[in-house]
Structure formats: structure tokens, C-alpha cells
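Each remark here refers to the structure printed beneath this line.
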Amino acid sequence: MTSNKRAGRSSAGEAMAFLIDADVIIQAERRTLDLDAWLRSHPDEEVKLAAITVAELGRSVERATGVHRANRQKYLQAVLPVFEVVPYTEKAALEHARLWADVEAAGQRMSPHDLMLAATAKESGAAIVTFNTRRFAAVPGLTVLKP
């Protein structure tokens, strides 16, 4: 797998980062997305994983059984070293709390893990890359892209 641990620039010359949602990694594992090709098509962006995404991927290994579990573990072990992991910091936690309150006040729902990913993205100035863009629609000012 292509390493993507490098600084990127947006078209405006500003530093740019993408946080990859777990569904993107899972689609790559299922071979419905060529992750290497997608990474090569974004040479100027810094592509990372949020800590919560690592937890979601780890959970998918823990819940799998038999050969599927072994294959998923092997894939995850190959993928994780490719990406820098963005930690869930105190600043991200405070952004998470603000987003959570805002989403609830607007009468909307969002999963705690999606809120953590959104908060990590907003706090770090990154866009989220996911196949499930609707899940993040409740977060104003968050850039969400499909791979």
C-alpha cells in the first residue's frame, strides 16, 4: 500500500488534510475501492485516520470470526502503518461536546463515533472522506467528500 504520510497543500496553497472514515477502509478491504489508486489521485493532500476510526476498525476485527477475522486483521495491520493517526485530544473533546449540544439543539441525531470524527476533523482543520456523507450533514462548516 502506498504511504501517504506527507504534508499536503490545498489548491489555494494552504495545508490540507483528509480524515478517512472507517467505511472507506472497509470498502478497500472488500475490494470495492482501490485505495492505492485513490491515494495516488490525491498527491497533494495529507490523508490520515482519526483515533476513533482506528477503534472502529479494530472493533470490526474483534467482531469477525474464522477466516474473515484473520483476513481482516491482516488487512488492518497492512493499512494502519500507511496513515498518521490523529489523536482524540482535549481540544477535540471540547469540540465534540459543542457539536453534540448543537446537533441535539437542532433536533437531529448523530452517532457518538461520527461526532468524535467530526470533532477531530473540525479541530484539526481536515475534511472527512466517507461514502456516508449524509451522516455528517448536521455539522455546519465541515467539509465532507466521497472517495
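The values are calculated or read from the model by the stated rules, or taken from the named source; none is laboratory data. Quick caveat: nothing in here was measured; it's all calculated off a predicted structure. We place every Cβ from the backbone using ideal geometry, glycine too, and count neighbours over all the protein chains shown.
Just a few scattered comments:
For every residue, the table says whether it meets (1) at pLDDT below 95; (2) surrounded by fewer than 17 Cβ atoms within 10 Å (Cβ to Cβ); (3) over 17 Å from the mean Cα position of the chain (by Cα).
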position	(1), (2), (3)
S3	yes, yes, no
D21	no, no, no
E29	yes, no, no
A51	no, yes, no
E56	no, no, no
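- All positions within region 127-147 that are free of Cβ contacts under 8 Å to residues at least 40 places away in the same chain and of a type in the set (S, T, N, Q): T133, T143
- Among the residues making up region 86-132, those that are within 19 Å of L57 (Cα to Cα) and in a helix (DSSP H, G or I) are P112, H113, D114, L115, M116, L117, A118, A119, T120, A121.
- Sole residue being surrounded by 19 or more Cβ atoms within 10 Å (Cβ to Cβ) and not small (G, A, S), chosen from V67, V129, V79: V129
- Qualifying residues in region 93-126 (those that are out of contact with any Asp or Glu (no Cβ under 8 Å at 6 or more places or on another chain), in contact (Cβ under 8 Å) with a residue 40 or more places away in the chain and surrounded by fewer than 19 Cβ atoms within 10 Å (Cβ to Cβ)) - the one farthest from S41 (Cα to Cα): S124
- Enumeration of residues in region 29-68 that are at positive phi and part of a helix (DSSP H, G or I): G66
- Count of region 53-79 residues, restricted to those that are in contact (Cβ under 8 Å) with a residue 60 or more places away in the chain and in contact with a strand residue (DSSP E or B) (Cβ under 8 Å, 6 or more places away or on another chain), is 1.
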